[in-house]
Amino acid sequence: MKLTGELVKGLWRENPTFRMLLGLCPTLAVSTSVMNGLGMGIATTFVLIGSSICVSLVRGVIPEKVRIPCFIVIIATFVTMADLFMKAYAPLLSRSLGMFVPLIVVNCIVLGRAEAFSSKKPLLRSVIDAFGMGIGFTWALVVISAIREVLGSGTLGGFYLSRSFEPPLFMILAPGALLTIGILIGLINYLKVKKGIK
């Protein structure tokens with residue numbers, strides 16, 4: 001596959017959220033506002049890229065029996081960096097995301113890419129794949145967050161759209177997240193069948 005193919009597959013064909021249904025726990029939990037979704041997406045993309053670089057570089061050295069624990073240690077290092085950076089430079093966002101930033105360590109998107117791709121591919125392909133998957137996860141989070149924020153809070157990016165709008169509060173709760181993701185996935189599958197999109 002060409003390098004551009006590695007990049008764009010995470011945006012649509014293998015989108016972690018909408019096509020592979022990975023990382024749904026943080027997606028459901030943090031997608032109450034666009035800023036939360038964007039913050040989580042950027043943090044996850046950073047961890048994906050950093051861990052992919054390291055896993056790809058050491059893939060020939062790590063013994064087969066301990067590869068998963070080694071991958072988790074590598075991922076945890078980048079998650080700690082992202083968490084500390086966020087606490088230092090974006091404390092409000094850090095408090096809003098709470099424990100879901102440290103839980104990136106066990107996010108199946110990150111560990112899955114380390115195991116399925118970075119541990120088998122050269123450095124450049126691994127970085128491009130990680131970047132594409134990270135951007136795909138980020139745009140999915142932002143879309144879900146925007147819908148939930150508009151319908152659940154009557155705001156977009158923290159700015160009120162209409163003072164007279166009475167938002168249905170369930171949209172910022174867990175049922176609203178499940179409903180939003182379910183409708184979006186259903187719409188994507190419908191378009192896939194109707195338009196023959198791969």
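The values are calculated or read from the model by the stated rules, or taken from the named source; none is laboratory data. Nothing here was measured: the structure is a model prediction, and the numbers come from that model. Positions of Cβ are generated from backbone atoms using ideal geometry, with glycine treated the same way; all protein chains shown enter the neighbour counts.
Table: residues versus (1) at pLDDT 90 or above; (2) buried (at least 19 other Cβ atoms within 10 Å of the Cβ); (3) acidic (D, E); (4) within 13 Å of S51 (Cα to Cα).
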residue: A90; (1), (2), (3), (4): yes, no, no, no
residue: S96; (1), (2), (3), (4): yes, no, no, no
residue: P102; (1), (2), (3), (4): yes, no, no, no
residue: E115; (1), (2), (3), (4): no, no, yes, yes
residue: L123; (1), (2), (3), (4): yes, no, no, yes
residue: S126; (1), (2), (3), (4): yes, yes, no, yes
residue: G132; (1), (2), (3), (4): yes, yes, no, no
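In this structure, I72 does satisfy being farther than 26 Å from I172 by Cβ and at pLDDT 90 or above. Working carefully through the options L38, L48, L22, find the one that is aliphatic (A, V, I, L, M), touching a residue at least 40 places away in the same chain (Cβ under 8 Å) and in contact with a Pro (Cβ under 6 Å, 6 or more places away or on another chain). Just a single option satisfies the conditions, and that option is L22.
Number of residues in segment 1-23 that are assigned to a helix (DSSP H, G or I) and loosely packed, with under 15 Cβ neighbours inside 10 Å: the value is 3. Beta carbons closer than 6 Å, at least 6 apart along the sequence or on distinct chains, pair a first residue in segment 78-105 that is among the polar types (S, T, N, Q) with a second that is surrounded by fewer than 19 Cβ atoms within 10 Å (Cβ to Cβ) for S94/K87.
Condition check ((1) in contact with a Lys or Arg (Cβ under 9 Å, 6 or more places away or on another chain); (2) on the phi > 0 side of the Ramachandran plot) across all residues:
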| site | (1), (2) |
| --- | --- |
| K2 | no, no |
| G23 | no, yes |
| T27 | no, no |
| G39 | no, no |
| V55 | yes, no |
| K65 | no, no |
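Can you pull out every residue in segment 151-197 that is in a loop (DSSP other than H, G, I, E, B) and either touching a helix residue (DSSP H, G or I) at 6+ places or on another chain (Cβ under 7 Å) or loosely packed, with under 12 Cβ neighbours inside 10 Å (or both)? Listed by number, the residues that qualify are G157, G158, L161, S162, R163, S164, E166, P167, P168, G196, I197.
Within segment 1-37, the residues that satisfy the criterion of being under 9 Å from the mean Cα position of the chain (by Cα) and among the aliphatic types (A, V, I, L, M) are L22, L24. The set of residues in segment 141-160 that are within 19 Å of A174 (Cα to Cα) and either in contact with a Pro (Cβ under 7 Å, 6 or more places away or on another chain) or not hydrophobic (A, V, I, L, M, F, W, C) (or both) comprises S145, R148, E149, L151, G152, S153, G154, T155.
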